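Input: a single structure, listed below in structure tokens.
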2 protein chains.
Amino acid sequence: MTDQDASVTTVRVGLLGCGTVGTSIANLIHRQRDEIATRTGIRLDVTRIAVRDLSVDRGIELAHPAAEVFTGDAMAVAVADDVDVVIELIGGVDLPRTLISAALDAGKPVVTGNKALLADHGAELFAKAEANRVDLLFEAAVAAGIPLMRPLRESLLGEPIRRVLGIINGTTNFILTKMTEEGASYDETLAEAQALGYAEADPTADVEGFDAGAKAAIIATIAFGVEVVADDVHHEGISTITASDIEYATRSGHVIKLIATAERVGEADEVAVRVHPTLVPLDHPLAAVRDSFNAVFIEGGAVGELMLYGRGAGGDPTASAVLGDLIDAASNLRSSSYARFGPLPRASVQAIEQLIDTCYSLTILVTDEPGVLSKVADAFGRHNVSIRSMEQEGLDDEARLIFITHQAAERDVRETLAELKALDSVRDIGSVLRVVSS
Amino acid sequence: MTDQDASVTTVRVGLLGCGTVGTSIANLIHRQRDEIATRTGIRLDVTRIAVRDLSVDRGIELAHPAAEVFTGDAMAVAVADDVDVVIELIGGVDLPRTLISAALDAGKPVVTGNKALLADHGAELFAKAEANRVDLLFEAAVAAGIPLMRPLRESLLGEPIRRVLGIINGTTNFILTKMTEEGASYDETLAEAQALGYAEADPTADVEGFDAGAKAAIIATIAFGVEVVADDVHHEGISTITASDIEYATRSGHVIKLIATAERVGEADEVAVRVHPTLVPLDHPLAAVRDSFNAVFIEGGAVGELMLYGRGAGGDPTASAVLGDLIDAASNLRSSSYARFGPLPRASVQAIEQLIDTCYSLTILVTDEPGVLSKVADAFGRHNVSIRSMEQEGLDDEARLIFITHQAAERDVRETLAELKALDSVRDIGSVLRVVSS
């Protein structure tokens with residue numbers, strides 16, 4: 001930090017990586033620097049940017065000659081004497097883990113949006129930040145510009161949070177919204193999402209719930225103060241959702257969303273974290289979250305129901321989150337303070353098989369002959385799965401039975417389905433969807 | 001602050017006032033103190049509570065004998081040696097202003113939820129906090145437990161915010177929701193809200209927009225970094241909204257909400273802040289905010305569209321906000337830091353007459369005779385108010401004309417209406433509603 005005059009402190013920023021988000025943040029800093037200086041007394045100055053390819057012109061407005069700012073040596077930026085705060089935007093896990101560790105050990109606050117890294121090694125890095133008494137801030141890692149990590153870490157730190165439900169993957173929400181509103185098939189809609197740039201050529205990370213699972217691990221860690229990693233999160237994707245699942249959801253007053261759920265299920269360190277397609281009642285605030293928007297719905301013992309909604313991806317919204325963290329880190333640096341992490345004991349994570357209080361929507365294809373429904377109902381009954389509603393739809397010589405159950409245990413539902421599958425008159429088990437309970 | 005052992009800091013809390021919110025916060029602290037101590041290393045200890053009537057049993061769980069904690073002397077609590085952080089929950093303006101000033105001057109951080117005080121004297125108190133280098137936190141002053149002030153002050157400090165739209169009065173949102181969903185009249189619904197305790201016996205502060213206006217002044221001050229006071233805010237209430245206004249809104253794909261708008265209209269210090277009933281398109285996220293819920297919709301140049309949604313009133317949701325601030329103030333105290341305020345220059349506030357870019361919904365009652373529509377349309381045309389749509393409804397010998405305009409200037413609309421009023425064939429001017437523009 002350099003004091004230029006009594007009232008303004010200059011904070012020098014080093015960027016690791018300069019793709020879409022890095023370019024957005026550099027330009028946003030340039031555009032907002034005078035207003036930030038007026039309002040906070042802090043002048044942000046981007047002094048170093050580490051990039052892989054020095055020959056690319058990124059169209060960034062800088063206060064210094066580009067030749068002095070750009071470098072190919074990321075580690076040199078992470079520990080540079082003329083860098084006060086480090087922003088990591090490289091992506092991946094191993095290299096940023098090494099760079100962030102080095103920056104923290106050099107006493108530099110770090111801002112990152114790297115969800116994969118934090119979902120796997122968050123506790124290690126948070127402990128390192130705490131040991132070095134510097135900030136490690138990561139608002140951009142989950143739901144981009146939606147203020148979520150800071151409210152959870154600060155505003156709601158004392159709140160007895162019971163459950164967090166999130167639509168935290170924009171690609172899958174875009175696909176499900178199109179399928180619902182236009183009656184299109186999954187394959188058609190995925191192709192459209194790919195053409196629009198909302199989905200990758202290989203969409204696995206999004207559509208199978210890996211991306212949402214990593215974010216859910218971070219949310220659970222921060223909301224409940226226990227370490228949850230990506231591997232702890234049970235995830236199911238949306239690629240098996242059919243147009244008829246969507247139709248039935250609509251008919252029964254629901255909409256299908258890919259919901260990440262993080263909840264306390266017992267003592268302080270016992271949590272359940274899962275991502276799966278879920279029937280959401282139409283009057284629930286999450287049902288109105290359309291297109292590629294994200295939203296996180298928080299249920300607290302005192303605050304009641306909260307929802308935080310916005311753009312969960314994109315260069316500018318992500319840069320907005322990074323800028324907020326950067327100003328916070330710079331202010332803390334000026335006052336020699338930092339945002340503390342409490343201890344993060346390893347969570348005791350409930351396996352999906354131990355779920356006991358969820359309602360299910362189950363689709364079963366049967367031969368259309370007398371007595372079938374009775375056999376099916378009998379299997380439910382013997383496994384203590386109580387049926388709330390049933391709809392039968394004839395299809396030539398088959399019938400499609402769609403059941404919604406009362407609250408049941410996952411184990412009992414699985415046993416019921418295994419038994420049904422073995423029946424001659426059951427042709428196939430269709431979708432198995434859980435229903436958001438209130 | 002007293003250090004009991006190396007790892008836990010005790011922070012002593014003094015409460016000024018102990019009504020619904022005070023009782024909720026004292027009990028919430030008691031219930032959550034162990035978990036807060038584990039996660040933050042801070043043990044909160046309520047040592048003093050100032051109340052008007054010492055004889056009331058409030059059913060509060062305390063760690064100290066009640067006789068040592070309760071006192072009738074609020075000023076003694078505000079400056080007490082055994083109080084580290086002061087929470088003001090008295091309400092009103094003059095007494096809390098004196099008490100908060102004294103506490104800040106005594107070097108004590110203050111947490112308050114007093115919107116009336118902050119809307120009138122915020123800048124003075126923020127300057128005093130800054131001069132004493134202590135926190136003055138006020139999340140509870142607007143929209144209770146919804147994290148709003150902290151995201152605006154921290155996460156979005158560098159964000160180029162263009163406009164904030166808020167449903168920030170639960171009573172009027174409850175009334176408008178009932179009118180919309182049940183077709184009831186304003187008077188019937190107000191009576192129901194009063195019976196349920198959602199509206200006061202004298203509902204003026206809520207239904208005429210005073211309450212929302214004070215909150216809008218605070219939002220504008222924090223979002224734009226300029227001083228806006230309650231008197232700067234133009235406000236219109238909902239008491240003139242009729243069942244037929246609501247019907248027309250529904251028919252035209254809108255819902256009527258009491259919306260607070262705060263927007264930048266020119267240079268950094270030029271803002272417009274107003275509260276009035278507004279037609280909100282059904283696909284806007286604010287349209288889905290029902291019953292007594294609050295929501296604030298933020299439009300930023302980088303972050304895009306954000307919405308923060310939740311319970312805007314009530315003892316527990318308000319206590320949740322106070323607890324978040326209290327933990328923040330206690331953490332800052334431990335690290336000898338505080339949340340700074342930048343300078344708050346007086347805003348240049350645009351008068352409502354200077355609005356130039358809003359669409360209007362105008363209801364005009366005319367005699368049902370040939371040539372009337374042409375005269376009315378002529379008046380619009382001569383004042384440069386362009387009509388987007390018109391609907392005519394016959395009522396015996398009258399007709400009700402409902403116009404929606406393109407973007408027009410408030411002045412031109414007012415002149416049009418004045419001219420129409422003077423026409424023989426115009427019986428009355430009905431509701432004048434603005435429409436949310438995108």
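Given the structure, is A:VAL110 surrounded by 22 or more Cβ atoms within 10 Å (Cβ to Cβ) and more than 25 Å from A:ARG346 (Cα to Cα)?
So A:VAL110 does not fit the description; no.
Does segment B:136-153 contain at least one residue that is farther than 23 Å from B:ALA80 by Cα, buried (at least 24 other Cβ atoms within 10 Å of the Cβ), of a type in the set (D, E, K, R) and in the same structural domain as B:ALA230 (by TED's automatic domain parsing)?
So far as segment B:136-153 goes, no, none of its residues is farther than 23 Å from B:ALA80 by Cα, buried (at least 24 other Cβ atoms within 10 Å of the Cβ), of a type in the set (D, E, K, R) and in the same structural domain as B:ALA230 (by TED's automatic domain parsing).
A quick yes/no check of all residues on (1) at pLDDT below 95; (2) in contact with a Ser or Thr (Cβ under 9 Å, 6 or more places away or on another chain); (3) under 16 Å from A:GLY170 (Cα atoms); (4) not aromatic (Phe, Trp, Tyr):
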| residue | (1), (2), (3), (4) |
| --- | --- |
| A:VAL271 | no, yes, no, yes |
| A:PRO277 | no, yes, yes, yes |
| A:PRO285 | no, no, no, yes |
| A:GLY300 | no, yes, no, yes |
| A:GLY312 | yes, yes, yes, yes |
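Quick one: which strands (runs of 3 or more DSSP E) sit completely within segment A:270-335 and have at least 1 residues that are more than 15 Å from B:GLY300 (Cβ to Cβ), touching a helix residue (DSSP H, G or I) at 6+ places or on another chain (Cβ under 9 Å) and within 10 Å of chain B (Cβ to nearest Cβ)?
Where strands (runs of 3 or more DSSP E) fall fully within segment A:270-335 and carry at least 1 residues being more than 15 Å from B:GLY300 (Cβ to Cβ), touching a helix residue (DSSP H, G or I) at 6+ places or on another chain (Cβ under 9 Å) and within 10 Å of chain B (Cβ to nearest Cβ), they are A:293-300, A:304-311.
Identify all residues within segment B:200-221 that are among the aliphatic types (A, V, I, L, M) and in contact with a Lys or Arg (Cβ under 6 Å, 6 or more places away or on another chain); write none if there are none.
Within segment B:200-221, B:ALA214 is the sole residue that qualifies.
Only one of (1) within 25 Å of B:VAL273 (Cα to Cα); (2) more than 16 Å from the chain's Cα centre (by Cα); (3) away from chain A (no Cβ under 12 Å); (4) surrounded by 24 or more Cβ atoms within 10 Å (Cβ to Cβ) fails for B:LEU118. Which number is that?
In the conditions (1) within 25 Å of B:VAL273 (Cα to Cα); (2) more than 16 Å from the chain's Cα centre (by Cα); (3) away from chain A (no Cβ under 12 Å); (4) surrounded by 24 or more Cβ atoms within 10 Å (Cβ to Cβ), B:LEU118 misses (2) alone.
Considering only residues of segment A:374-409 that are part of a helix (DSSP H, G or I) and among the hydrophobic types (A, V, I, L, M, F, W, C), which is surrounded by the fewest Cβ atoms within 10 Å (Cβ to Cβ)?
Only one residue tops the list, namely A:ALA377.
I'd like the full set of residues that are in the same structural domain as A:LEU420 (by TED's automatic domain parsing) and among the hydroxyl-bearing types (Ser, Thr, Tyr), limited to segment A:339-365.
Within segment A:339-365, A:THR358, A:TYR360, A:SER361, A:THR363 qualify.
Checking the structure you have, find out if any residue of segment B:51-71 is part of a helix (DSSP H, G or I) and in contact with a Lys or Arg (Cβ under 8 Å, 6 or more places away or on another chain).
Scanning segment B:51-71, I find at least one residue that is part of a helix (DSSP H, G or I) and in contact with a Lys or Arg (Cβ under 8 Å, 6 or more places away or on another chain), so the answer is yes.
Just give me the residues in segment A:415-438 being hydroxyl-bearing (Ser, Thr, Tyr), surrounded by fewer than 19 Cβ atoms within 10 Å (Cβ to Cβ) and more than 17 Å from A:VAL255 (Cα to Cα), in sequence order.
Within segment A:415-438, just A:SER425 meets the criteria.
What residue, of A:VAL322, A:VAL255, A:VAL280, is in the same structural domain as A:ARG12 (by TED's automatic domain parsing) and either over 14 Å from the mean Cα position of the chain (by Cα) or over 23 Å from A:PHE126 (Cβ atoms) (or both)?
The match here is A:VAL322.
Picking from B:SER331, B:SER320, B:SER348, B:SER335, which residue would you name as being free of Cβ contacts under 8 Å to residues at least 12 places away in the same chain and not charged (D, E, K, R)?
Checking each option against the conditions leaves just B:SER335.
Rundown of residues vs (1) at pLDDT 95 or above; (2) over 27 Å from B:ILE402 (Cα atoms); (3) touching a strand residue (DSSP E or B) at 6+ places or on another chain (Cβ under 8 Å); (4) β-branched (Val, Ile, Thr), yes/no style:
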residue: B:ASP187; (1), (2), (3), (4): yes, no, no, no
residue: B:ALA214; (1), (2), (3), (4): yes, yes, no, no
residue: B:ALA217; (1), (2), (3), (4): yes, yes, yes, no
residue: B:THR221; (1), (2), (3), (4): yes, yes, yes, yes
residue: B:HIS235; (1), (2), (3), (4): yes, no, yes, no
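Of the residues B:ASP412, B:ASP325, which is of a type in the set (Asp, Glu), surrounded by 15 or more Cβ atoms within 10 Å (Cβ to Cβ) and within 30 Å of A:PHE341 (Cβ to Cβ)?
Exactly one of B:ASP412, B:ASP325 is of a type in the set (Asp, Glu), surrounded by 15 or more Cβ atoms within 10 Å (Cβ to Cβ) and within 30 Å of A:PHE341 (Cβ to Cβ), namely B:ASP325.
In segment B:173-184, which residues are loosely packed, with under 15 Cβ neighbours inside 10 Å and assigned to a loop (DSSP other than H, G, I, E, B)?
B:GLY183 - this is the single residue of segment B:173-184 that is loosely packed, with under 15 Cβ neighbours inside 10 Å and assigned to a loop (DSSP other than H, G, I, E, B).
Collect the residues in segment B:337-351 that are more than 14 Å from chain A (Cβ to nearest Cβ) and surrounded by fewer than 19 Cβ atoms within 10 Å (Cβ to Cβ), keeping them in residue-number order.
B:ARG346, B:SER348, B:ALA351
Got at least one residue in segment A:111-126 being assigned to a loop (DSSP other than H, G, I, E, B) and either of a type in the set (A, V, I, L, M, F, W, C) or more than 22 Å from A:ALA330 (Cα to Cα) (or both)?
no
Quick one: in segment A:136-172, of everything that is away from chain B (no Cβ under 14 Å) and assigned to a helix (DSSP H, G or I), which residue is nearest to A:LEU258 (Cα to Cα)?
Once the filter is applied, the top-ranked residue is A:THR172.
Anything in segment B:11-21 that is buried (at least 17 other Cβ atoms within 10 Å of the Cβ) and not basic (Lys, Arg)? List them, or say none.
Residues satisfying the conditions are B:VAL11, B:VAL13, B:GLY14, B:LEU15, B:LEU16, B:GLY17, B:CYS18, B:VAL21.
Considering each residue of segment A:22-50, count those that are part of a loop (DSSP other than H, G, I, E, B) and surrounded by 20 or more Cβ atoms within 10 Å (Cβ to Cβ), and give that number.
0
Which numbered condition trips up B:SER361, out of (1) polar (S, T, N, Q); (2) out of contact with any Asp or Glu (no Cβ under 7 Å at 6 or more places or on another chain); (3) within 11 Å of chain A (Cβ to nearest Cβ)?
(3)
The values are calculated or read from the model by the stated rules, or taken from the named source; none is laboratory data. These figures come from a predicted structure and were not determined experimentally. FYI the Cβ positions are ideal-geometry reconstructions off the backbone, even for glycines, and counts take in every protein chain you see.
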